[in-house]
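The values are calculated or read from the model by the stated rules, or taken from the named source; none is laboratory data. Remember, it's a predicted structure, so these values are computed and weren't measured experimentally. Ideal geometry is used to build each Cβ from the backbone, glycine not excepted, and the neighbour counts take in all protein chains shown. For accessibility, only protein heavy atoms count, side chains too; no ligands or nucleic acids. Shrake-Rupley method; radii C 1.70, N 1.55, O 1.52, S 1.80 Å.
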Amino acid sequence: MNPLFRFAGGLPVALALCIAPAAAQPAQHAHVHGQLKLDVAVDVQTLTVSIDSPLDNIVGFERAPRTDAERKTAQQAVAQLRAADKLFAIDPAADCKLGQVDLDAPVLGLGQAKAGEPAGHADLEGSFTFECRSPVQARFIDIALFEAFRNVRQIDVQIATPDGQYQRTLKRPAKRLAWGK
Ligand SMILES: [Zn+2]
C-alpha cells in the first residue's frame, strides 16, 4: 500500500475503491472530433506546447492515407506542425526559439502505436519545445491552429507556470491565448 495511506485513518478503503478501476485500464482520453487539447508548460528555460487531437482535426481522416491527395494532405499537415513557430507565436517578451518537435501519429508513420485509442479512430500528439531567454515573461501565445486545420473548432487549454495554473477554452476563430497579469 502507498505509504501515504497509512496516515489517512478511515480514508484508505474509500480511496482504493475510487482509484482501482481507473488504474486497471489504459489511460482514457476524450476523442471528440473538432476538439483539441493543448497544454502549455512554462519552465525555467523552456516553454513547451503539447497537443492531443483526433487525427480527423488535422488531416480529415483517421487511417493511413490511401490516395495521392490524402498523402499530400498528410505531408502538408506534418510540415505545418514541424514549423511550430508559425503555429504558436509566443509573446516576444519571453524571447523564444523553436527547439525540438516530436510528433506521434502511428497511422501516418510517426511514432509508436499505443493501446487505448478508440477503435476506428486515431489521434495525433505533438510536443513542441521552445528554448526561451525568459519563459516566465510570456503572457500570451497567438495560435494559428484554426487557420491551419479547418476541422478544429475548439481548443481546451491548460497552462502551468511557476506563478500558477490556468484553464482556457478557445473557440474558432479566436487566436490569442492569454494568461497571468
Ligand atoms: Zn475519431
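Over segment 76-181, the Kirkwood radius and the radius of gyration, each from Cα atoms, give a ratio Rg/Rh of 0.98.
Accessible area per residue, 1.4 Å probe, Å², for segment 46-181: what's the number?
Averaged over the residues of segment 46-181, the accessible area is 53 Å².
Per-residue accessible area (protein heavy atoms, 1.4 Å probe) orders Val42, Val136 as Val136, Val42, starting from the largest. Stretching Asp163 away from Ala79 to a fully extended chain increases their span by 26.9 nm, per 0.36 nm per residue minus the current alpha-carbon distance. Local charge for His33 was computed over the other residues whose Cβ lies under 10 Å away, with Lys and Arg +1 and Asp and Glu -1, and equals -1.
The modelled label-to-label distance for the pair His121/Lys97, using points 7 Å beyond Cα in the direction of Cβ, is 4.0 nm. Can you tell me the FRET efficiency between Thr46 and Lys72 if r is taken as the Cβ-Cβ distance and R0 is 25 Å, rounded to the nearest 0.05? Calculated value: 0.15. Protection proxy ranking, highest mean first, for peptides 47-58, 156-167, 137-148: 47-58, 137-148, 156-167, where packing is the per-residue count of other beta-carbon atoms within 10 Å, averaged.
On the accessible surface of segment 88-181, probed at 1.4 Å, how many percent belong to carbon and sulfur atoms? In segment 88-181, the share of accessible area belonging to carbon and sulfur is 47 percent.
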